[in-house]
1. Among the residues of the stretch 58-87, what is the count of those that are in a helix (DSSP H, G or I) and either within 14 Å of Gly107 (Cα to Cα) or in contact (Cβ under 8 Å) with a residue 12 or more places away in the chain (or both)?
2. Please determine whether any residue of the stretch 224-243 is crowded, with 19+ Cβ neighbours inside 10 Å, farther than 23 Å from Gln289 by Cβ and within 17 Å of the chain's Cα centre (by Cα).
3. I need the full set of residues from the stretch 112-133 which are β-branched (Val, Ile, Thr) and more than 26 Å from Tyr246 (Cβ to Cβ), in order please.
4. Within 23 Å of Ala104 (Cα to Cα) and not aromatic (Phe, Trp, Tyr): which single residue out of Leu274, Leu248, Leu263, Leu316 fits that description?
5. State the number of residues belonging to the stretch 283-292 that are within 16 Å of the ligand (Cβ to nearest atom) and either touching a residue at least 60 places away in the same chain (Cβ under 8 Å) or on the phi > 0 side of the Ramachandran plot (or both).
6. I'm checking my understanding of the structure. Among residues of the stretch 134-154 that are in contact with a Leu (Cβ under 9 Å, 6 or more places away or on another chain) and assigned to a loop (DSSP other than H, G, I, E, B), which one is farthest from Tyr246 (Cα to Cα)?
7. Could you please give the count of residues in the stretch 263-302 that are surrounded by fewer than 22 Cβ atoms within 10 Å (Cβ to Cβ) and either of a type in the set (D, E, K, R) or within 30 Å of Asn58 (Cβ to Cβ) (or both)?
8. If we keep just the residues of the stretch 88-121 that are assigned to a loop (DSSP other than H, G, I, E, B) and under 12 Å from the mean Cα position of the chain (by Cα), which is surrounded by the fewest Cβ atoms within 10 Å (Cβ to Cβ)?
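Each value in this text was obtained by applying a stated rule to the coordinates, not by laboratory testing. Predicted, not measured: the structure shown is a model, and the values here were computed from it. Neighbour counts run over all protein chains shown; Cβ positions are idealised from the backbone, glycine included.
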Amino acid sequence: MNFTLKAKFNLAITSHHKHTHQRPLKIIMKSKIIPSLLILLGAGLLISQNPKGENAPNGAEEKIAQAIPAAAHAKPAAPRKMLLFSATAGFRHQSIATGKIALAELGKKTGAYETVVSDDLANFDADKIKQFDVICFLSTTQDVFTPKDIKKLSPDEAKSAQEKSLTYRKNLMEFIESGKGFVGIHAATDTLYNWPEYGRMIGGYFDGHPWNAGTEVQIDVEKGQEKHPLAAMFDGQSMNFKEEIYQLKDPYSAKRQHLLLRLNVEKSAKVGGLKRKDGDYAVAWARHQGKGRVFYCSLGHNHEMYWNPKILSHYLAGIQWAIGDFKAEVTHTID
Ligand SMILES: [Zn+2]
């Protein structure tokens, strides 16, 4: 049993999201004053007040406010509530801070939904989860349902934590399959490798990002989907910008989801490390899971994604479709 757990843990580490960015300028600049602050406040207090120095860049709120669509894609049939969950057990994106603002404001300003921004696992308890219409995993990484310090816990506490983790998985899957919504943004596919049903539900697992954050890429609307409600905001136009783009591995299959956006390999900067023989680098899709609806978009590494008007409109369409308020035909040949 111990051996199995260890093997799984190692597997999770090897598939870790490998990022190479520098720490943000703000942190570097502050570093000169940090030693004196540490003496005054103690490291614990400083860290708890500002975990990982996570802040949206200056001006982000204004740019997001200007980019939010004027109206929701559909009038909500009832007041809707979204859990915005961005816990990380592996790499933590600086852009989570920006994504939190954008996704919460998107619901608030358009009236599409109210957002509960929380990484509290208690929200996945059976009596709590039912208050939500949709759960969004924003750049979550690795095993978010197991406490990071599990190795430091007593055997009894560790056993209890493991059991809880299994309960959260079960409750999340039952929530979706009962007819509710799940939305994954960016690293949500770099999450829960040790739970294959999660990979099938979201539609694939992260397999590196040959296109780094600073790579010029072209994102196309999937051919034939130009008028699809979840992609119509792009007017069939491609997007060109710098963004980190994922390569996906099993259980990813174009047959298991309704594709909406994909990377144009030819028109993007040439990169190494491409593993897919089929050249299929899907970026956004929708799929059914039981009676529920799942929307995923891998855009969301760079802060700028969260104030791109078309991408915000795309996220909103995906969220409202996942909730069940925005109608769109989503078909795939494998469940
Ligand atoms: Zn990333």
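1. Filtering the stretch 58-87 down to residues in a helix (DSSP H, G or I) leaves 60-67.
Next, only the ones that are either within 14 Å of Gly107 (Cα to Cα) or in contact (Cβ under 8 Å) with a residue 12 or more places away in the chain (or both) stay: 60-61, 63-67.
Counting residues in the stretch 58-87 that are in a helix (DSSP H, G or I) and either within 14 Å of Gly107 (Cα to Cα) or in contact (Cβ under 8 Å) with a residue 12 or more places away in the chain (or both) gives 7.
2. yes
3. Taking the stretch 112-133 and keeping what is β-branched (Val, Ile, Thr), we get 115-117, 129.
Passing the criteria: Val116, Ile129.
4. On the way: Leu274 fails: within 23 Å of Ala104 (Cα to Cα); Leu248 fails: within 23 Å of Ala104 (Cα to Cα); Leu263 fails: within 23 Å of Ala104 (Cα to Cα).
The conditions single out Leu316.
5. Of the stretch 283-292, the ones within 16 Å of the ligand (Cβ to nearest atom) are 283-284.
Adding the requirement that they be either touching a residue at least 60 places away in the same chain (Cβ under 8 Å) or on the phi > 0 side of the Ramachandran plot (or both) leaves 283.
Here the count works out to 1.
6. Restricting to residues being in contact with a Leu (Cβ under 9 Å, 6 or more places away or on another chain) and assigned to a loop (DSSP other than H, G, I, E, B), the top hit is Pro147.
7. Result for the stretch 263-302: 12.
8. Within the stretch 88-121, the subset assigned to a loop (DSSP other than H, G, I, E, B) is 89-95, 111-113, 118-120.
Retained after the next criterion (residues that are under 12 Å from the mean Cα position of the chain (by Cα)): 92-93, 95.
Working: Arg92: 19, His93: 29, Ser95: 27.
By that ranking, first place goes to Arg92.
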